[in-house]
Amino acid sequence: MNLLTVSDIQKKEGEDFALKGISFTQQPFYNIAITGESGSGKSTLMKIIAGLVQPDSGEVHFEDQKVKGPNDKLIPGHPGIAYLSQHFELRNNYRVEELLSYANKLSDEDANALYKICQIDHFLKRKNDQLSGGEKQRIALARLLITAPRLLLLDEPFSNLDLIHKNTLKSVIHDIGEQLKISCILVSHDPLDTLSWADEIIVMRDGAIVQQGKPQEIYQQPVDAYVAGLFGKYNLVGPKRLFVRPENFKIVKGGSFALEGIIQKVAFLGSAWELEVKLADQTITVQTNQNGMTKGGTLYIAVPQEGAWFL
């Protein structure tokens, strides 16, 4: 049995379609990331799955039950689905433990374990106006989880977070899946946040799914330049437009099949160096861990058999 079945969802906004026949399924304990450029329909789709927005046509089923929208039900949605909006709100002038107690369906032991997973157990006595934005977001997340959902929808959870709070939230989301066995769908405007987390990635453009697959497939074998560009820099080498990510090139000593180039620019990225290399007929981007590369130097590059894709 599928945990979630999304069937031919369509939604029109004004004269344009925000969603054009979206269909996919999700298995239990399976993490799906939905990504795409701004305005591609990601958030609208999430709100329909949550039951907050009524589709014009199509249906969403959770555990074989229809998720009812606001036109079907006074309190829309499904009790097994929790939705965290990027515009969450918390009541002011309340201690964290008070905010959480109102919705709690768990035993004290289970609730305390949940607070540790969400990394909020050390400030339960504090008022929410004494907390950072990232800490408030984790409280809002914990408040949803204490209702014991089986599917968690996260709409742009990393927006407006600094790197420290972003990495903390990534750790929390990972632990929610691993320790609480809750399935997740996550929307992110930065697809690179999803590669190491998702079991499957859905890429949207103009209200439609343009590619769906495993993270490695999406990254290394994109269907077009739009999908390729969402996940970082890439090169199209030669007249046959061979797709190669910068880190997949191999720097060699020469040879009949090597491409000779001149280094135009060297940039330090922290874990690697990024090189802009001028070949005979084009300029490409190469990443390497080798030190000592200098502007104006000659470089020989091999195109790998694996990690290359005709786009």
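Nothing in this text is a laboratory measurement; each read-out follows from the coordinates by a stated rule. Here the structure is a predicted model, which means the values were calculated and not measured. Here Cβ is always computed from backbone atoms with ideal geometry, including for glycine, and neighbour counts include all displayed protein chains.
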* Structure fact -> Of the residues in region 190-203, those that are crowded, with 17+ Cβ neighbours inside 10 Å and of a type outside the set (A, V, I, L, M, F, W, C) come to P191, D193, T194, E200
* Which numbered condition W309 fails, given (1) free of Cβ contacts under 8 Å to residues at least 60 places away in the same chain; (2) not in a loop (DSSP other than H, G, I, E, B) -> (1)
* **First in region 230-258 and under 20 Å from G297 (Cβ atoms), second anywhere and of a type in the set (S, T, N, Q), Cβ under 7 Å, 6 or more apart** => N235/T285; P246/N235; P246/T285; P246/Q287; E247/Q287; I251/T288; I251/Q290
* May I ask you to verify whether E63 is on the phi > 0 side of the Ramachandran plot and charged (D, E, K, R)? => yes
* Do the conditions hold for S159, that is, is it in a loop (DSSP other than H, G, I, E, B), under 22 Å from A228 (Cβ atoms) and either touching a Ser or Thr at 6+ places or on another chain (Cβ under 8 Å) or touching a residue at least 12 places away in the same chain (Cβ under 8 Å) (or both)? -> no
* To do: Return the residue satisfying two criteria in turn: it lies in region 213-227 and is buried (at least 17 other Cβ atoms within 10 Å of the Cβ) and under 15 Å from the mean Cα position of the chain (by Cα), and of such residues it is farthest from I284 (Cα to Cα).
  => P215
* Structure fact -> Considering region 266-306, residues that are touching a residue at least 12 places away in the same chain (Cβ under 8 Å) and among the aromatic types (F, W, Y), and then whichever is farthest from P246 (Cα to Cα), we arrive at Y300
* **Selection status of S40, part of a loop (DSSP other than H, G, I, E, B) and either crowded, with 22+ Cβ neighbours inside 10 Å or touching an Asp or Glu at 6+ places or on another chain (Cβ under 6 Å) (or both)** => yes
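Rundown of residues vs (1) in contact with a helix residue (DSSP H, G or I) (Cβ under 8 Å, 6 or more places away or on another chain); (2) over 29 Å from H61 (Cα atoms); (3) touching a residue at least 60 places away in the same chain (Cβ under 8 Å), yes/no style:
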{"position": "S85", "(1), (2), (3)": "no, no, yes"}
{"position": "N92", "(1), (2), (3)": "yes, yes, no"}
{"position": "E98", "(1), (2), (3)": "no, yes, no"}
{"position": "S101", "(1), (2), (3)": "no, yes, no"}
{"position": "L106", "(1), (2), (3)": "yes, no, no"}
{"position": "I120", "(1), (2), (3)": "yes, yes, no"}
{"position": "L124", "(1), (2), (3)": "yes, yes, no"}
{"position": "G134", "(1), (2), (3)": "yes, yes, no"}
{"position": "T147", "(1), (2), (3)": "no, no, yes"}
* **Scope region 3-22; condition of a type outside the set (D, E, K, R) and in contact (Cβ under 8 Å) with a residue 40 or more places away in the chain; matching residues** => L3, L4, T5, V6, S7, I9, Q10, F17, A18, L19, G21, I22
* Structure fact -> Across (1) of a type outside the set (S, T, N, Q); (2) surrounded by fewer than 11 Cβ atoms within 10 Å (Cβ to Cβ); (3) under 31 Å from the mean Cα position of the chain (by Cα), R245 clears everything bar (2)
